[in-house]
């Protein structure tokens, strides 16, 4: 499975309540590149879930990105209530969407 398979997938809590859709993934870089020309290994940490929009944040989840201000304000409004759910909080992924485990945690989506 690749991330594009999950984008726009519906996300449900353990009771089957729809929480939103997957809008992006959050990755971490593990270690250093083995050679100067290569890249560090990327690991999927979690999924970004938006209750109001199917589209990306366009980078405006970064705390210090505020210009141009009309776009920043619009993007933050479109994604109000969005959250990060860590990979370990996923219970299953199937044709209906992403199902979260009981007791999952909603993490802050903002970077920086």
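The values are calculated or read from the model by the stated rules, or taken from the named source; none is laboratory data. These numbers come from a predicted model, not from an experiment. Backbone-built Cβ (ideal geometry, glycine too); neighbour counts: all protein chains shown.
Here are a few things to note about the model shown:
- Residue count for region 66-112, restricted to those that are at positive phi and surrounded by 11 or more Cβ atoms within 10 Å (Cβ to Cβ): 2
- From the list 5, 14, the one residue that fits, being outside any strand (DSSP E or B), modelled with pLDDT under 95 and closer than 15 Å to residue 90 by Cβ, is 5.
- Qualifying residue in region 63-86 (condition: modelled with pLDDT of 95 or more, in contact with a strand residue (DSSP E or B) (Cβ under 6 Å, 6 or more places away or on another chain) and closer than 20 Å to residue 11 by Cα): yes
- Scan of region 8-29 for residues that are closer than 18 Å to residue 86 by Cβ, surrounded by 12 or more Cβ atoms within 10 Å (Cβ to Cβ) and out of contact with any helix residue (DSSP H, G or I) (no Cβ under 7 Å at 6 or more places or on another chain), ordered by number: 9, 11, 12, 13, 14, 19, 20, 21, 23, 24, 26, 27
- Being in a helix (DSSP H, G or I) and modelled with pLDDT under 95 is a property that does not hold for residue 33.
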